Amino acid sequence: MQKQNGTELKNKAKQLLQNKTVDRVAGFCAGEFAYDPSPCVFYSAEEIEENMIYDCFCSPNFSKFLVKETKKPGRIAVFMKPCDTYSLNQLITEHKIDKDKIYIAGIGCDGMVDVFKLRNKTGSAILKASCDNGALTVKTPDGDMTFAFDEVLAERCLVCKSKKHVYYDELLCEPSFETDTGRFDKVEQIEKMSADARYEFFRSELSKCIRCNACRDACPACTCETCVFGESSSGAESRENANEFEEKLFHIIRAYHVAGRCTDCGECSRVCPQRIPLHLLNRKFILDINRFYGVYQAGETVGQIPPLTDKNESDPEV
Amino acid sequence: MYKCSKESLGALLSAINEKYALYVPKKHGEGSVSSFEAYGDGENMYLSGITDRGIKELFFPQCEEIARFVTANGAFGVKETAVKSGYNVIFGARACDIKGLQTLDLVFLAEPEDRLYKSRREAGIVVSLSCGEPSETCFCTCFGVDPSKSGDIAAIGTDGAYYFEILTEKGRLLIPELSSVCKTTDDDIEAERDKIRAKAALMPAALAAKDLPDKKTDELFDLPVWDKLSAHCLGCGTCTYLCPTCQCYDIKDSKTADGAARCRFWDSCMYSDFTKMSAGQPRLTQKERYRQRFMHKLVYFKENQGIYGCVGCGRCVRKCPASAHMIKVIKELGKADERHT
């Protein structure tokens with residue numbers, strides 16, 4: 001559940017505009033349903049008062065969106081959950097974001113709701129939903145239902161890697177720490193499978209892919225101006241799905257391309273309309289990097305050199 | 001009309017499956033998405049809600065080979081993909097998806113007819129299933145869809161039974177199977193249908209979208225609100241690939257051992273290389289691509305074909321990673337109506 005409520009964020013946003021710290025604020029606008037807030041940019045206190053919200057459905061990671069936003073003049077304030085700040089650091093390190101153009105207000109987070117999971121639980125229309133005191137209450141045509149928060153949290157939140165903000169201009173919550181919630185457990189389980197079973201696991205998951213490219217488009221580590229899968233002369237266009245090999249090729253190349261830069265933010269799995277656990281590929285690479293080069297968390301600090309870019313005599317491949 | 005108990009649905013489907021290729025909605029466990037698959041052993045059927053993926057792909061697959069080019073002994077030949085004969089049955093389709101097929105018909109069955117689509121359309125016996133559990137994202141009633149009755153045969157689930165009403169000539173082909181498991185009946189189920197219709201019309205999305213934009217292209221095209229609506233569109237193809245009416249495709253040739261295969265595959269107007277020509281992509285920014293998609297559904301298709309290009313299934317509403325969905329567009333364009341009047 002979010003630690004800061006909508007009113008606190010609204011007041012802070014208005015204050016940042018009024019004292020001219022920034023000239024616009026990124027946040028969430030109320031959606032049509034209980035769970036579909038849109039990312040929005042606010043230019044005035046009136047807009048903020050009228051439309052800005054913040055709740056346990058405000059999942060999207062704002063960091064990638066700053067790549068485009070910071071190309072515009074002026075400075076933008078953004079409220080960030082701890083996990084978002086890892087992606088932000090990585091993007092600053094890669095010179096994709098000019099940090100003079102951002103103002104980051106860190107907000108506490110106890111996880112965000114996975115609407116697909118919630119829908120499985122309710123089994124009927126979600127008319128209203130609200131998070132309070134570690135529980136989510138949903139209004140459906142069949143009456144109200146209440147769920148403990150960990151029943152409906154997104155996988156990435158259940159195995160949250162850190163409650164610590166690694167970048168901020170101001171912290172609206174108490175400083176917190178990295179967490180150990182067993183996020184590599186599933187990877188280790190897959191590692192124990194036989195090669196055939198492992199192949200079958202990924203084949204079956206990746207064969208669900210419809211090549212919508214949402215994972216790529218949402219991924220903060222995917223910031224190529226032109227993607228090789230969006231360039232017709234590459235012979236591997238963004239949409240062709242001629243055979244199962246295409247899907248595997250796409251996801252495996254993508255996983256390799258973001259290896260060492262992926263912060264495990266989990267946006268890929270959040271946006272996948274087919275519910276493919278794409279984060280498992282990335283997490284496997286993260287775990288391998290940890291084993292071969294020592295524990296490394298992408299985005300932990302600005303300017304860190306990723307082990308796959310760095311070369312040392314102690315590297316296992318030397 | 002035919003009536004069978006809820007318990008005997010399996011027997012009916014097995015009877016159909018013995019004679020025809022049968023597709024039913026399935027969901028393999030809580031974490032998995034639902035879609036139409038071969039009936040098989042009848043396990044994992046998912047009948048309680050709209051599927052994550054619709055029936056479009058059974059008529060217009062995401063990727064299909066349309067021809068082969070073969071060179072042998074110095075001669076060059078073209079071999080068009082053969083059209084399959086015989087009927088197949090799709091059970092459990094929702095009325096919105098079936099309206100989607102009628103939308104695709106206007107495109108693929110207009111001259112020149114698309115022979116592969118046409119063959120599948122002629123072969124497909126579609127049995128609809130009434131939508132007793134609509135989602136908050138459902139707004140089919142805004143487009144004149146009747147969620148209780150559609151397809152070649154309309155099945156409706158009541159508390160203890162399924163009723164089957166044959167609506168077309170093609171639907172009559174299943175009379176032997178229906179007769180083998182069900183009884184004929186004169187029960188009046190109109191009240192049950194009305195309940196389903198009323199429930200669907202009260203869904204939040206249906207209430208939000210009830211005032212569809214009734215304006216011409218010129219009045220909507222340059223509205224400033226497109227900037228706001230499209231600002232956070234990721235440019236992915238989720239909405240287009242899950243849409244029951246999106247019909248754009250691209251064609252590509254690839255090498256085979258003895259020549260080349262020509263495949264067509266779904267394309268998306270949301271992509272930066274959609275309809276890219278030597279002079280580039282005609283829609284330079286994501287705003288223009290986004291506007292194209294929604295204007296096509298709500299304005300152009302209606303101007304050209306007489307009906308909206310949206311059927312209110314709500315899949316784009318549920319799945320858009322940025323929640324930049326159809327309901328928001330309809331409401332904003334509705335406000336534009338107010339501003340104009």
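The values are calculated or read from the model by the stated rules, or taken from the named source; none is laboratory data. For clarity, every value in this text was computed on a predicted model and none was experimentally measured. In this analysis, Cβ positions are derived from the backbone assuming ideal geometry, glycine residues included, and neighbour counts consider all displayed protein chains.
Checking the condition free of Cβ contacts under 8 Å to residues at least 40 places away in the same chain and among the basic types (Lys, Arg), which residue from B:Lys287, B:Lys302 passes?
B:Lys302
Any idea how many residues of the stretch B:228-259 are of a type in the set (A, V, I, L, M) and surrounded by 15 or more Cβ atoms within 10 Å (Cβ to Cβ)?
So the answer is 4.
If you scan the stretch B:142-171, which residues turn out to be under 26 Å from A:Thr140 (Cα atoms) and either touching a Gly at 6+ places or on another chain (Cβ under 7 Å) or part of a loop (DSSP other than H, G, I, E, B) (or both)?
Once the filter is applied, which keeps residues that are under 26 Å from A:Thr140 (Cα atoms) and either touching a Gly at 6+ places or on another chain (Cβ under 7 Å) or part of a loop (DSSP other than H, G, I, E, B) (or both), the stretch B:142-171 yields B:Cys142, B:Phe143, B:Gly144, B:Val145, B:Asp146, B:Pro147, B:Ser148, B:Lys149, B:Gly157, B:Thr158, B:Asp159, B:Gly160.
Taking interchain pairs and intrachain pairs at least six residues apart, which have beta carbon atoms under 9 angstrom, with the first residue in the stretch A:117-139 and at the interface with another protein chain (Cβ under 9 Å from one of its Cβ atoms) and farther than 19 Å from A:Gly31 by Cβ and the second assigned to a loop (DSSP other than H, G, I, E, B) and small (Gly, Ala, Ser)?
A:Asn120/B:Gly31; A:Gly123/B:Ser48; A:Gly123/B:Gly49; A:Ser124/B:Ser48; A:Ser124/B:Gly49; A:Ser124/B:Ser135
Can you tell me which residue in the stretch B:152-165 is nearest to B:Ile98 (Cα to Cα), limited to those that are of a type in the set (A, V, I, L, M, F, W, C) and in contact (Cβ under 8 Å) with a residue 60 or more places away in the chain?
Looking at the filtered set, the residue picked out is B:Ala155.
Could you tell me which numbered condition B:Tyr87 fails, if it satisfies all but one of (1) of a type in the set (Ser, Thr, Tyr); (2) within 14 Å of chain A (Cβ to nearest Cβ); (3) surrounded by fewer than 19 Cβ atoms within 10 Å (Cβ to Cβ)?
All conditions are met except number (2).
For the stretch B:252-272, give me each residue that is of a type in the set (Gly, Ala, Ser) and within 8 Å of chain A (Cβ to nearest Cβ).
Within the stretch B:252-272, B:Ser254, B:Ser268, B:Ser272 meet the criteria.
Given B:Phe143, B:Phe164, B:Phe221, B:Phe139, which one is under 27 Å from A:Pro39 (Cα atoms) and in the same structural domain as B:Leu47 (by TED's automatic domain parsing)?
It is B:Phe139.
Report yes if some residue within the stretch B:179-202 is within 24 Å of the chain's Cα centre (by Cα) and not in a helix (DSSP H, G or I); otherwise report no.
Among the residues of the stretch B:179-202, at least one is within 24 Å of the chain's Cα centre (by Cα) and not in a helix (DSSP H, G or I), which makes the answer yes.
Give the residues of the stretch B:77-112 that are assigned to a loop (DSSP other than H, G, I, E, B) and of a type in the set (Val, Ile, Thr), sorted by residue number.
B:Thr81, B:Val83
Would you tally the residues in the stretch A:260-305 being within 13 Å of chain B (Cβ to nearest Cβ) and part of a helix (DSSP H, G or I)?
Count: 6.
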